[in-house]
Amino acid sequence: MTSQRARDRLAVKLKEEGIRDQRVIDVIRNTPRHHFIDQALHSRAYENTALPIGHGQTISQPWVVARMTEALLEFGTPQKVLEIGTGSGYQAVVLAQVAPQVFTVERIEELLRQARRRFRQLGLTNIRSRHDDGKLGWADEAPFDAIILTAAGDAIPHAILDQLSPTGVLVAPVGSPSSQTLIRMRGDGQGDFIQEELAAVSFVPLLGGIG
Ligand code: SAH
């Protein structure tokens with residue numbers, strides 16, 4: 001159930017469902033998603049579904065991780081990526097295999113502790129993480145070439161947009177709990193953004209403060 005065969009099947013499914021970036025498909029094929037979830041759920045690790053990770057949170061559906069990563073990479077490889085919502089750490093680990101530097105912020109300390117342990121076990125040294133309210137971004141490390149939010153609010157917090165480089169790319173779910181859209185915003189270099197809608201999605205809410 002956690003074999004290479006199961007991962008290969010997931011990679012085929014992602015392709016069938018429209019993921020085109022081969023780098024992203026290869027990274028997902030090679031990332032042990034079962035390491036990011038409770039043992040009781042290991043048999044479902046390579047299904048294309050979101051799964052619970054405790055504290056009322058979820059590890060995102062592989063297709064969503066692939067689509068968001070692909071959308072961030074479309075205009076070139078970002079050097080510095082900021083993720084809001086570390087959760088299990090899976091999306092950060094996928095990003096760390098396609099970009100040189102990943103910064104990730106999580107408001108629930110226990111989830112962050114477990115994610116850090118996974119980063120160490122996988123030998124990834126290019127992820128920095130922080131326990132904080134991600135609505136504030138990570139000002140000391142700004143600007144970022146790419147920003148990804150893995151929790152949905154009704155708008156992108158201003159502090160986060162301010163930390164995107166002038167030609168940077170941001171991908172995020174936006175909307176109410178019952179109706180969310182995955183959007184991409186791209187800086188035009190003049191201080192404005194080009195916004196596109198990519199897909200209908202379902203994420204846990206972006207909350208304020210630390211947990
Ligand atoms: N990227 C994660 C998905 C986790 S679900 C993964 O690959 O597993 C979204 C996460 O966002 C949850 O862990 C939740 O606690 C976190 N979150 C919600 N609001 C936040 C905020 N304001 N700052 C930081 N993290 C937040």
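Computed values, structure above
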| item | result |
| --- | --- |
| Those residues of the stretch 30-67 which are open to solvent by less than 30 Å² (accessible area, probe 1.4 Å) and under 16 Å from Ala172 (Cα atoms), in sequence order | Ile59, Ser60, Pro62, Val64, Val65, Ala66 |
| Residues satisfying the stated conditions in the stretch 102-148, i.e. in contact with a Gly (Cβ under 8 Å, 6 or more places away or on another chain), of a type in the set (Val, Ile, Thr) and farther than 19 Å from Met68 by Cβ | Ile108 |
| Residues located in the stretch 1-28, provided they are acidic (Asp, Glu), under 16 Å from Glu47 (Cβ atoms) and part of a helix (DSSP H, G or I) | Asp8, Glu16 |
| Hey, Glu141 within 12 Å of the ligand (Cβ to nearest atom), open to solvent by 10 Å² or more (accessible area, probe 1.4 Å) and of a type outside the set (Phe, Trp, Tyr) or not | no |
| Among (1) under 17 Å from the mean Cα position of the chain (by Cα); (2) of a type in the set (D, E, K, R); (3) within 26 Å of Gly208 (Cα to Cα) - the single one Glu110 does not satisfy | (1) |
| Search result, residues across the stretch 84-128 that are more than 9 Å from the ligand (Cβ to nearest atom), assigned to a strand (DSSP E or B) and over 14 Å from Phe36 (Cβ atoms) | Gln101, Val102, Phe103, Arg128 |
| Only one of Val98, Val105 that is in contact with a helix residue (DSSP H, G or I) (Cβ under 8 Å, 6 or more places away or on another chain) and either open to solvent by less than 10 Å² (accessible area, probe 1.4 Å) or at pLDDT below 95 (or both) | Val105 |
| Some residue of the stretch 161-170 being within 15 Å of the ligand (Cβ to nearest atom) and touching a Gly at 6+ places or on another chain (Cβ under 7 Å) | yes |
| Positions within the stretch 162-178 being in a strand (DSSP E or B) and at pLDDT below 95, in sequence order | Ser176 |
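The values are calculated or read from the model by the stated rules, or taken from the named source; none is laboratory data. The structure displayed is predicted, hence computed values, not measured ones. No Cβ is skipped: glycine too gets one built from the backbone with ideal geometry, and neighbour counts run over all protein chains shown. Keep in mind that these areas ignore ligands, DNA and RNA; they rest on the heavy atoms of the full protein, side chains included. Shrake-Rupley method; radii C 1.70, N 1.55, O 1.52, S 1.80 Å.
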